[in-house]
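Working notes for the structure below.
What follows draws every value from the coordinates through simple rules; no lab data is involved. Remember, predicted model here, so these are calculated numbers, not experimental data. All Cβ positions, glycine included, derive from the backbone under ideal geometry; neighbour counts span all protein chains shown.
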Amino acid sequence: MRSDAPGPHHDWLDDEAGPVVRPYTMTGGRVQPSAGRFDLVAYVVAGPLEDEGGDDPPPQPEHRAIITRAQQPVTVADLAADLDLPVGVIRVLLGDLIATGQVSMYDPPTSRQFPDDDILKAVVNGLRAL
């Protein structure tokens with residue numbers, strides 16, 4: 001067993017990527033969010049940033065990154081891309097944050113009216129003509 005402190009050539013460090021952390025360690029091995037279902041185009045909005053003086057345990061760095069990024073409305077897909085994390089990890093972490101009330105999620109409005117069949121036929125005919 002090694003007793004020396006991790007140096008620049010430690011097994012868990014990569015010169016280009018920095019510290020290597022598997023996605024399942026960020027989620028504690030969970031693959032399903034504890035609260036909510038997340039569509040990729042759902043908007044996430046975080047509440048105001050809070051001081052870490054409460055009784056709750058301090059959030060993980062990934063939770064803090066989500067809260068910081070979601071100060072302005074952002075979709076789940078954009079959040080995953082911006083933080084360079086897999087969507088599955090983002091969904092689990094968002095479930096944690098929704099359960100504690102630190103973020104809110106809003107589904108985009110859906111269209112209640114479908115396009116007219118004549119318009120769809122015209123589009124298909126136009127594509128065939130190409």
Considering every residue within the range 85-97, establish whether at least one is farther than 19 Å from Tyr43 by Cβ, without any contact (Cβ under 8 Å) to a residue 24 or more places away in the chain and not aromatic (Phe, Trp, Tyr).
-> no
Arg128: surrounded by fewer than 16 Cβ atoms within 10 Å (Cβ to Cβ) and touching a helix residue (DSSP H, G or I) at 6+ places or on another chain (Cβ under 7 Å), yes or no?
-> no
